[in-house]
Every structure is written in C-alpha cells, then in structure tokens.
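Comments concern the structure below.
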Amino acid sequence: MHGSRREFLRLLSAGAGLGLAARPRAVRAEPAATVGTAVLGDYAMAAPVIVALDRGYFRANGLDAEFVPFRGGPDLLKAVIGGEALVGLTGAGAPIRMIATETEGNHFTLNVSADIHSVADLRGKAIGVTKVGATTWVFARILARQNGWDPERDVTIVALGGLDAQVAALTRHEIQAIVWGDGGAVLEAQGKSRVLQRLDSVTPRWISQIAYASEETIRRRSDDLRKALRAIFQALAFMTQHPEEAAAIAARTLKWEPRAVLAAHRLSSPLFPRDGRIDTGALGAMQDILLEQGVLGRRLPLTDHYTTAFTPVRV
C-alpha cells in the first residue's frame, strides 16, 4: 500500500471502514451546523452528539445543530470536505485536520465465539475485520504478531464489512472472532459474542476517535467549531456524571437496550478526554505501527495532521 497524508489520517480514526450506520439524510441548508459521525453503532462516537442535542448543549452555546450518522468514513469525509458537515467524529482524511481527541486510548475489543477461551485458541482460525488496511485489520495483524504468529499463514483475517455481516459470519462459525469498537460490549450484553480482550493491551498508545474539520471550515467557521466542541464535551461530562440517564437518552437513537448502552459506557468512559488535547506522542506511536504494518510507505510530518487552535476545550 502506498503511504500518504490521506492514508495516515484515514487510519487515525476508529471508524475507518466501520460499516454500520443509519441511512444518511439529505443535508439541508439549515440548520447551520451538521455534526456527523462515521457510523451510528459506536457509543463513544455517537452518544456525545445525541446527548448534547437532547440536553440542549448545542443551542445553549449558540449553535443550531443536527446529527447525521453516515454509512462509513468515506461518506462522512465527502460531507466534511464539501462543507455539508461542520465537523466529523472519526472518519477518513484528505484536506482535513484533527481538532480534538474524542477518545484517549484504544476502545476496540476482540470478540469471540463461545468455543474460544484464549487468544491462543485463535491460531489457525479466522478473525473478521471491516476491510483490508482499516484499523480493525491493523489490530488483527498486530495481535497475530504479538502472539508469535505469521498473520498471513497462522490466522485468516477476513474483510467482511459492517458489524451485521460479521456477527452473521460468527453465528455461522465461518469466523471465530471479530475486531470492533465499544459495540463489542453491546454484543456481549446481547449474548451474541464474548469480549475476550480489550485491544488497548495490544496498542497502549493509540487515539481511537477524533473530531476533525476541513481546512476551509477551520478558516471560515472556527467560532462554530469551538461551540460544537464545547457542546460535545459538556455532553461527555454529563455522560460521566449521570451514566444511567445518559444511557437512556442514547438508547433511543442507538436502538440498543439501556443495559447494553451502559456496557459500552463502562468500556469507553475511562477513555473519555478531559479537554480534547491531542497526544502527539501517541500520533507518533501510531505512525510507527502503520509503517511497520506496511499501511504507510513513508514517515509523514505529524504537524500536517492536527491543529492546537481548538484545545483545550473549556466546559
């Protein structure tokens, strides 16, 4: 694979290739600010926006906003680049910059079928990921190598797309594990699989989720971006202080039972950021991993990928 700024930014986000989302709605000229997520099926990504809208935080900060979950990072990217979305949470990259961290650390999980009791049991088995080159694919390869396996021969890494397809394959015993975000905790709560391992043990320095904007939006609508980030971080604070009430709010949009939302909250909330500041050391560690895995072909200047103009976020 060739290395480029596009590839690195694409892989900075948790949702690169995550295929579960609600149908994107046509973006209207109003309201003034669309906040998009790459998918709907990730609590840490979508719930802060859902809660911020429900609690009136966007309007309280002087921003008329709506939430649009997309079918994946590429669709969200088009909306952000085209100016149809003010800010994207996770997703893919090109002429974009990170403006804040939404999850400090790796909130991905390794979920397995009932007959898998340890990582060692996966040798010779199949692991489902979203697509080749996506974050999930990278994590599966790292997991294999950390266990002394050849990721090309000792385990089969299968690109299956969205979560529904992966769960179906797991049910049919075509694969024995999947790599996913905090939706993995939801699958466990629903009895569809078991979380065998959190993947922050595989990549302790990783930024799962980011907020990003286009260069044009940063130039022209910096005040609106600050308002949006403040609302989202107020929601994160509310979710931390009132998890059960926040779970009930999020469950209505996520279409999960509140107990499943709380399971995702328990997994991701320790990684909620305090003020959105970007850990450049983690970015460097991530780039090292992507170089090692052959996703990037060359080292890229980290300063091209983020701006410090919007952090720390003050609530």
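The values are calculated or read from the model by the stated rules, or taken from the named source; none is laboratory data. Just so you know, these numbers come straight off a predicted model, no measurement behind them. Heads up, the Cβs are rebuilt from the backbone with ideal geometry, glycines too, and the neighbour counts pull from every protein chain shown. Note: areas computed on protein heavy atoms with side chains; ligands, DNA, RNA excluded. Shrake-Rupley method; radii C 1.70, N 1.55, O 1.52, S 1.80 Å.
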> Can you list the aspartates and glutamates whose alpha carbon is less than 19 Å from that of Lys192, not counting same-chain residues fewer than 8 positions off?
Replying inline: Asp42, Asp115, Asp121, Asp164, Glu174, Asp182, Glu257
> If you roll a 1.4 Å probe over the heavy atoms of the protein chains, what accessible area per residue do you get for segment 131-223, in Å²?
Replying inline: 41 Å²
> Of Ile116, Thr303, Tyr57, which is farthest along the charge dipole of the chain in the positive direction, counting Lys and Arg as +1 and Asp and Glu as -1 at C-beta?
Replying inline: Thr303
>> Placing +1 on the Cβ of each Lys and Arg and -1 on the Cβ of each Asp and Glu in the chain, which of Leu291, Gly73, Ser193 has its Cα farthest towards the positive end of the resulting dipole?
In response: Gly73
> Cα-based Rg (one decimal) and Dmax (whole number) for segment 161-315, in Å?
Replying inline: 18.1, 51
> Roughly how many debye, to the nearest 20, is the charge dipole of segment 173-315 about its Cα centre, given +1 on each Lys and Arg Cβ, -1 on each Asp and Glu Cβ, and no other charges?
Replying inline: 300 debye
>> Placing unit charges on C-beta atoms (Lys and Arg positive, Asp and Glu negative, everything else neutral), compute the dipole magnitude of segment 234-315 about its Cα centre in debye, rounded to 20.
In response: 120 debye
> Gain in length, Asp223 to Val315, computed as 0.36 nm per residue apart minus the alpha-carbon separation, to one decimal in nm?
Replying inline: 31.6 nm
> Placing +1 at every Lys and Arg Cβ and -1 at every Asp and Glu Cβ, with all other atoms neutral, what dipole size does the chain have around its Cα centre, in debye to the nearest 20?
Replying inline: 340 debye
> So if R0 is 25 Å, what FRET efficiency would Arg252 and Val132 give, r being the distance between their Cβ atoms, rounded to the nearest 0.05?
Replying inline: 0.10
> Which percent of the accessible area of the chain is formed by carbon and sulfur heavy atoms (probe 1.4 angstrom)?
Replying inline: 48 percent
> So how much accessible area does Thr171 have, in Å² to the nearest 10, using a 1.4 Å probe?
Replying inline: 100 Å²
